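Nothing in this text is a laboratory measurement; each read-out follows from the coordinates by a stated rule. Predicted model, so just to flag it, every value in this text is computed and none were measured. A quick note on method: Cβ atoms are made from the backbone with ideal geometry, for glycine too, and the neighbour counts reach across all protein chains shown.
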Amino acid sequence: MSSTAAALAAISEHWAGPRAVDATAAPAAPIDDDDDDGQVEPEGIDAQRSRAENVSLHALSRRGVSSSEMTDLLRARDLDEQVVLDEVERLEGVGLLNDRELADNLVRSKHERKGLGRGAVTSELRARGIAPELIEQAMAEIDDDDEQARADEWAMKRAASLQGLDRATAERRLNGYLMRRGYRSETIRRAVEKALPRGSGTRGGVRFR
């Protein structure tokens with residue numbers, strides 16, 4: 001056997017056999033399980049108060065919020081109940097939470113700008129967690145004449161898109177449209193009569209077959 005072949009055989013035999021253990025090597029250090037017991041340090045009250053303030057101010061920077069909505073929002077962040085109540089009270093005290101003002105703003109926005117009727121506006125205020133007495137006060141700003149004027153306005157706009165339909169279909173669709181906007185039945189009846197007048201000589205209406 002050549003010297004090269006002998007060397008290769010010796011190397012193969014060395015790696016195929018059991019590997020020697022260095023008795024002088026230091027043993028591996030044991031893993032200390034006592035340093036991390038998996039427990040998380042509980043959040044202190046001061047830290048919770050700071051977090052509650054950050055959450056509330058972020059919410060208020062986006063839109064108006066009722067006291068009920070803010071309470072629910074803070075509770076959802078796993079804050080101590082007293083921290084939640086204190087933060088809501090603080091915001092009410094400095095005027096950042098004001099349900100009466102919010103109710104008035106929503107009435108103006110939903111009724112005057114979006115043309116919703118009393119029913120739809122009332123439902124919106126209830127959904128926002130505003131107290132019944134505050135809803136009643138805010139809704140008192142809408143009188144019957146104003147309600148009818150809004151319904152007439154939206155009925156006329158909608159009627160323009162119903163041309164070409166037979167009268168029964170146009171009336172049914174316009175009734176449904178105004179009902180979805182939260183108007184009362186008598187208000188709807190008057191608005192539909194004005195927007196879909198019978199005959200050909202009525203001024204301002206849309207003619208149908």
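Tell me, in nm to one decimal, what length is gained between residue 180 and residue 77 on full extension, where the rule is 0.36 nm per residue of separation less the Cα-Cα distance? Intermediate values should be presented prior to the final figure.
Working: separation 103, 0.36 × 103 = 37.08 nm, distance 3.52 nm.
That works out to 33.6 nm of additional length.
Which percent of Cα pairs goes in each bin when the distances of the stretch 86-186 are cut into 10 angstrom slices starting at zero?
The calculated distribution, bin by bin, is 14, 39, 25, 14, 6, 2, 0.
Any idea what diffusion coefficient the stretch 45-97 gets from Stokes-Einstein, in µm²/s, Kirkwood Rh on alpha carbon pairs, 4 °C, 1.567 mPa s? List each step's numbers first, then the result.
Working: Rh = 10.7 Å.
Translational diffusion coefficient: 121 µm²/s.
Grab the other residues whose beta carbon is less than 14 angstrom from that of residue 104, score K and R as +1, D and E as -1, and report the net.
-2
Calculate the dipole size of the stretch 39-193 relative to its Cα centre from +1 charges on Lys and Arg beta carbons and -1 charges on Asp and Glu beta carbons; express the result in debye to the nearest 20.
Numbers: 26 positive and 32 negative charges, 250 e Å.
Dipole of the stretch 39-193, to the nearest 20 debye: 1200 debye.
Give the Kirkwood hydrodynamic radius (Å, one decimal) of the stretch 144-195, defined as one over the mean of 1/r across all pairs of different Cα atoms.
Working: mean 1/r = 0.0936 Å⁻¹.
Radius from the Kirkwood sum: 10.7 Å.
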